[in-house]
Amino acid sequence: MGKKVTVEILQVDGLTLVGKADSGHWVVFDADESHGGHNAAIRPFETFLVSLAACTAMDVISILKKMRIPLKHLAVRLEAEREDDHPKVPKYIKLNYTISVDSPDAVDISKIKRAVTLSQDKYCSVSAVVKMAGIKVDWDFEVTE
């Protein structure tokens, strides 16, 4: 049996909520004022997308480190297009990884591609859930100095 995860959500005021999971760290959620919120925090759907980008970023950083790729900085940009009708799930998600290294010409690009592929196809649990939901995920990467 897998590890059980517990999440707690508490209402602060209207649609302003705070949530905490087993790590013990709190996160604030809110809605737009037109929906009864205070527009004071990230939306739940945005948090889902941020979680996907963070999950795969952590994987890629760890894998590149194990491959001894001298990473200076990694950035992930995610774009999603949502359906017009509720529940407004994503039609597709596109991830772009920008990988900064000291000497781009000296880096084996196939290793970087392998790191991203491993994250997307094996290690990132958020990406796995997205794909199980039938949402198309595309990605590309660029290597910069």
Inspect all residues belonging to segment 59-81 and state whether any of them is modelled with pLDDT of 95 or more, in contact with a Pro (Cβ under 6 Å, 6 or more places away or on another chain) and either of a type in the set (A, V, I, L, M, F, W, C) or over 28 Å from TYR97 (Cβ atoms) (or both). yes
**Message:** Please verify whether LYS4 is of a type in the set (Lys, Arg) and in contact (Cβ under 8 Å) with a residue 12 or more places away in the chain, treating the condition exactly as stated.
**Reply:** no
Filtering segment 10-26 down to residues that are exposed (fewer than 14 other Cβ atoms within 10 Å of the Cβ) and either of a type in the set (S, T, N, Q) or free of Cβ contacts under 8 Å to residues at least 24 places away in the same chain (or both) yields LEU10, GLN11, ALA21, ASP22, SER23, GLY24, HIS25, TRP26
Scanning segment 86-145 for residues that are charged (D, E, K, R) and assigned to a loop (DSSP other than H, G, I, E, B), the one nearest to PHE48 (Cα to Cα) turns out to be LYS88
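Yes or no, residue by residue, for (1) among the aromatic types (Phe, Trp, Tyr); (2) touching a residue at least 40 places away in the same chain (Cβ under 8 Å):
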| residue | (1), (2) |
| --- | --- |
| GLU81 | no, no |
| LYS94 | no, yes |
| ASP102 | no, yes |
| LEU118 | no, yes |
| ASP121 | no, no |
| ALA128 | no, no |
| PHE141 | yes, yes |
Given the conditions (1) touching a residue at least 12 places away in the same chain (Cβ under 8 Å); (2) in the same structural domain as ILE93 (by TED's automatic domain parsing); (3) of a type outside the set (Gly, Ala, Ser), every one holds for ASP30 apart from (2)
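The values are calculated or read from the model by the stated rules, or taken from the named source; none is laboratory data. Remember, predicted model here, so these are calculated numbers, not experimental data. Here the Cβ is made from the backbone with ideal geometry for all residues, glycine too, and neighbour counts use every protein chain on show.
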